[in-house]
Amino acid sequence: MNAAAYRPEGILVMLAGMPKLNVKHLNRLIQVFRESGAKYIVRAAGKGKPGQPAVVPRALFGRFSSLRGDNGGHDIITRFGPPIEVEVEIGAAALLDVDMPTQVAIGERL
């Protein structure tokens, strides 16, 4: 899907393997993004550490559309993005990324 064609203020960028995220976390990030005027990256944090997901403003859509691999989004945020106005503390859910089947059991225990 080409998000730019729909002209949204921002897009929510999230990893598929984050089992502890819930709709309340996502709604909070979107709320803070809207309150910021939709001009800044708003990213989740867990225990004071930057995490996922993030809401990215329209100005960065073009840069995100060419991403490949695991670290591209982080590089764009740190090199090209507007300042991250807010890191929204959502706890451990922002940090748990399950990539391998053996990690699923660990994630279930947290």
Sorting Lys20, Lys47 by accessible area (1.4 Å probe), largest first, what list results? Lys47, Lys20
Counting only protein heavy atoms and a 1.4 Å probe, tell me what percentage of the range 23-71's accessible area is made up of carbon and sulfur. 46
Residue-count net charge about Asn27 - beta-carbon cut-off 14 Å; Lys, Arg +1, Asp, Glu -1: +2
How do Tyr6, Tyr40 rank by accessible surface area computed with a 1.4 Å probe, from largest to smallest? Tyr6, Tyr40
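The values are calculated or read from the model by the stated rules, or taken from the named source; none is laboratory data. Since we're looking at a predicted model, the values are computed, not measured. Counting neighbours? That spans all protein chains shown, and the Cβs are built from the backbone with ideal geometry, glycine included. What goes into the accessible areas is simple: the full protein's heavy atoms, side chains included, and nothing from ligands, DNA or RNA. Shrake-Rupley method; radii C 1.70, N 1.55, O 1.52, S 1.80 Å.
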